[in-house]
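Have a look at the structure below before the remarks.
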Amino acid sequence: MDVTSVDEVLMCADPREWRVGDSWLAGGTVIYSYGTDITRGAPRRLLDITGAGWQPLTWHRDADGALSLEIASTCRIADLRALADDPTPGGVMRAELPGLDLIPPVCDSFVASWKIWHVSTVGGNVATALPAGPMISLLTAWDATALILRPDGRRRRARVADLVVGPAKTRLGYGELIRSFLVPAESLRQQAAFRRISLTERGRSAALLIGRRTSEQSLRLSVTASVFRPVMLDIAADDLSAGIPPIPAADAPLDIPPIPIADAPPARRRPTVATSAGWGVGGQVGRRRGESAVRGESVARGSRAVRADAAAWRTAIDVAAGRWYDDIHGEPEWRRRMTHRLGDEILAELLPGVATGVDDAVGRVTGDLRMERTTA
Ligand SMILES: Cc1cc2nc3c(=O)[nH]c(=O)nc-3n(C[C@H](O)[C@H](O)[C@H](O)COP(=O)(O)OP(=O)(O)OC[C@H]3O[C@@H](n4cnc5c(N)ncnc54)[C@H](O)[C@@H]3O)c2cc1C
C-alpha cells in the first residue's frame, strides 16, 4: 500500500537527524500494510534504518567471562529463527542454552509467510507493540533490555517488558531509536516452558505464556497477547515467596555493562521502492483502553513472589492484568480462562512436586504450537 503522506525517504539510522513528522522504517511490514505509522500517525519522511549495517546477532563476553546475546533491532525474524539451529551458539554447545528452544515456537507465533519473516524485524515488532507481538513475548520472557539511541546523542536502556505499555503504545519518546536488545545468558541457560492458544489453528495469538525456571523452586512467568501489555510474575514455593526480590519498577536504574556499538552511517537519500504487504488487519490493533492498559502494572512490579499454587497465581494474574484484551481474536473472558489454564500447565511442568493445585494440568499441553527440546 502507498504511504501517501510521505514526501521523502532517507537511509538514516541517526536520531540526531530526526525531526517532527519522521518515522523510522525497518522492514515496512506494518507501515506499508496500514499505509501509515500506527504508533505515531501519518509520516512525512521515512528514515530507513536497514542500511545501518548492524550485525543481526552478536555474542558478548564480559570481563568475568559471562556471556550475553545482543540482537540488533534490524535483525530479521528469519535471522533469529536460524539461531535456534546453530550447533554452537556463542561458542558453547547448543544444549547448554535450552532457552533458545523458545525461538521456533515464538517465530511460528508470528503468523506470516517466509517473505514476511525475511523483511520484518525484531525491533519493528517491539516498537509496534501489538499484544500478539511474539518478539515482545520472547524478549520479555528472556528479561531482555533495549538499548535506545536518543535525538540528543545520548543512550538509555529499558526493559522490553517496561517499554511496551499498551496496543501500539510504547515508552519510546519522539525520535528515539531502538538499537538492539541485550539478553543475559542466564535466561538462555534456564529451562523454559511455552504455551500459546489461538481461536484458529495457526491464527493470531490470543494468549501466549512463557515460564522460565529461575531455581528448583521458582519460575518467572510472562504473559502476553491476552493482556494489554506484558505482565510478569515471579512464582515460588511457599517458603521462598517472601524472600525473592520484586521485579524492578520501570524507572529503576539498570546495572548492565556497556556494549560496543558501531556508529551509524550518515543519512543519504534512498530511492523509493514500491513495496506492498497485504495483511488482513481488521481488529488487530484492537480497542484502545488507555488507562486500563497499565492499571495492573504496579501490582505486578511491586509485589513479591506469588505462591506456587493455582489459586494464588490466578488471583495475582487477574489483579496484574487489570482487564483482558478484547479484539476479533478472542473474547476477554475466554482469554482469561485460557491464561489460567496455560499457566497451570507451565507450573505443573516447571515446578513438579512444588506447585500445588495444578494436578489436573500435569502432562497436559494445550495449544497449537509445540516447543521441541534440545537434548545434550
Ligand atoms: C502477513 C503478516 C502477518 C503479521 N503477523 C503479525 C503477528 O502475528 N504479530 C505481530 O505482532 N505482528 C504481525 N505482523 C506485523 C509486522 O510484520 C510485525 O510487527 C513486524 O515485526 C514489524 O517489523 P517491521 O520491521 O516490518 O516494522 P516497520 O513496519 O518497519 O515499522 C513498524 C513500526 O516500528 C517502528 N520502528 C521500526 N523499527 C524501529 C526501531 N529500531 N526503533 C524504533 N522504532 C522502530 C516504525 O517507525 C513503525 O512505527 C504481521 C504482518 C504481516 C504483513
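Readers should treat all values here as calculations from the given coordinates under stated rules, not as data from a laboratory. Just so it is clear, the model here is predicted, and its values are computed rather than measured. Methodologically, a virtual Cβ is constructed for each residue, glycine included, from the backbone with ideal geometry; neighbour enumeration extends over all protein chains shown.
Annotations
- Whole-Å semi-axes of the stretch 38-123's equivalent ellipsoid (Cα gyration tensor): 28, 18, 10
- Neighbour counts of other Cβ atoms within 10 Å put Arg314, Arg307 in the fewest-to-most order Arg314, Arg307.
- In this structure, Arg373 and Asp318 have a Cβ-Cβ separation that, at R0 = 41 Å, corresponds to a calculated FRET efficiency of about 0.85.
- Distance between the modelled labels on Ala82 and Lys169, one decimal in nanometres: 3.8 nm (7 Å Cα→Cβ projection).
- Evaluated on the stretch 54-189, the Kirkwood hydrodynamic radius is 15.1 Å, with distances taken between all distinct Cα atoms.
- When each of the peptides 202-208, 220-226, 34-40, 15-21 is scored by how many other beta carbons lie within 10 Å of its residues on average, the order from highest to lowest is 220-226, 202-208, 34-40, 15-21.
- Estimated at 0.36 nm per residue, the fully extended path between Trp59 and Val365 surpasses their Cα-Cα distance by 106.9 nm.
- Approximate spin-label separation Asp2-Asp238, in nm, with each point projected 7 Å along Cα-to-Cβ: 6.8 nm
- For Gln217, net neighbour charge (Lys/Arg +1, Asp/Glu -1) across residues whose Cβ lies under 14 Å away: -1
- Note on Arg156/Ile328: beta-carbon distance plugged into 1/(1 + (r/R0)^6) with R0 of 45 Å gives a FRET efficiency of 0.80.
- Stretching Arg337 away from Arg44 to a fully extended chain increases their span by 101.1 nm, per 0.36 nm per residue minus the current alpha-carbon distance.
- By the count of other C-beta atoms within 10 Å, a proxy for reagent exposure, Cys107, Cys12, Cys75 are ordered fewest to most as Cys107, Cys75, Cys12.
- Taking Ile210, Ile317, Ile328 and counting other C-beta atoms within 10 Å, the order from fewest to most: Ile328, Ile317, Ile210
- Formal net charge of residues neighbouring Asp7 (Cβ-Cβ distance under 9 Å; K, R +1; D, E -1): +1
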